[in-house]
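For reference, the structure discussed in these notes is given below.
The values are calculated or read from the model by the stated rules, or taken from the named source; none is laboratory data. It should be emphasised that the depicted structure is a prediction, and the values quoted were computed from it without experimental measurement. Ideal geometry is used to build each Cβ from the backbone, glycine not excepted, and the neighbour counts take in all protein chains shown. Remember, those area values only see protein heavy atoms, side chains included, never the ligands or the DNA or RNA. Shrake-Rupley method; radii C 1.70, N 1.55, O 1.52, S 1.80 Å.
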Amino acid sequence: IGKPGVGKTTCLREIARILANDRTLNVVVVDKTCEIAGDGDTPHSAIGKARWMPVGRPNMQHDIMREAVENQTPDVIIVDEISTPQEVEAARTIAQRGVQLIATVHGRTLPELIQCKERGNLVGGIVSVTLSGHEAERRFDKRKQVQKRAREPIFTAALELHSRSMWIFHPNVKEAVDSYVEGEPSDAQMLTPGRAVAVGSIPGEGI
């Protein structure tokens, strides 16, 4: 997760190269805008031995994502910029097939993504739920109308790229979303070159 210019695509490219070095893994790169592997007739060597599936037209990415999982027997699919509801559903299809999915999405923080109507389902989404009087009494705030995670997240972990040299790692998206909707901090890590520091992800602030 990150705004433009923080290195999301560069990160994907390097992940593709590293994973493709493992001869037991079939790594497929779905390249919507040809930013990962270039726009030539053959993919750039930066993605190593990963298979390359250029999309052609950006509005076809969801179809190519499904084609990749159905026809390429992948272990890993790498996708840049999931943005539309159709691409979100294609991502869910990939996850349900037991294929590892690594992707980027525009945004600043995990909480911001949770609140997005189109892309929030990548991390489980949220719905409003009305509790019974008994359940509301058990809560510290006594509220009957609360938010809950809507479904299982498509992704198990998330990285917020705040800059090229500072990331926030959420090792468990499910727990992070559940903590967020309850207004509680969740465990995260702040990553800087050569260093990882345990931090609390604070609802409303994102770090």
Exercise. How about the stretch 117-207: which trypsin sites (Lys or Arg not before Pro) there are in a DSSP loop, with at most 15 other Cβ atoms within 10 Å of their Cβ?
Worked result: Lys117, Arg138, Arg139, Lys142, Arg143, Lys144, Arg151, Arg164
For this session: Describe numerically, in nm with one decimal, the distance between label points set 7 Å from Cα along Cα→Cβ at Thr192 and at Glu152.
Result: 3.8
For this session: Using amide H atoms built 1.01 Å from N in the peptide plane, name the residues 5+ places from Ala103, or on other chains, whose amide H lies under 5 Å from its own.
Result: Val79
For this session: For the stretch 117-132, just list the computed ³J(HN,Hα) in residue order, Karplus coefficients 6.51, -1.76 and 1.60, θ = phi - 60°, integers in Hz, with x standing in for Gly and Pro.
Result: 5, 7, 10, x, 5, 4, 10, x, x, 9, 9, 8, 10, 9, 8, 6
Exercise. If r is the Cβ-Cβ distance from Ile202 to Ser165 and R0 is 22 Å, what FRET efficiency results, to the nearest 0.05?
Worked result: 0.55
Problem set entry | Calculated over the stretch 96-163: convex hull of Cα atoms, volume per residue (Å³) | 127
Exercise. Can you run phi through the Karplus equation (6.51, -1.76, 1.60; θ = phi - 60°) for the stretch 166-172 and list ³J(HN,Hα) in whole Hz, with x for Gly and Pro?
Worked result: 8, 10, 10, 9, 9, x, 9
Exercise. Any idea of the accessible area per residue across the stretch 88-199, 1.4 Å probe, to the nearest Å²?
Worked result: 56
Problem set entry | Percent accessible area from carbon and sulfur atoms, the stretch 115-207, protein chains only, probe 1.4 Å | 50
For this session: Distance check, please: which entries in Lys117/Lys174; Lys3/Lys148; Lys8/Lys49; Lys8/Lys32; Lys49/Lys174 exceed 22 angstrom between their Cα atoms?
Result: Lys3/Lys148; Lys49/Lys174
Exercise. For the chain, what is the Kirkwood estimate of the hydrodynamic radius, computed as the reciprocal of the mean inverse distance between distinct Cα atoms, to one decimal in Å?
Worked result: 18.1
Exercise. Just how large is the dipole of the chain about the Cα centre, in debye to the nearest 20, putting +1 at every Lys and Arg Cβ and -1 at every Asp and Glu Cβ?
Worked result: 220
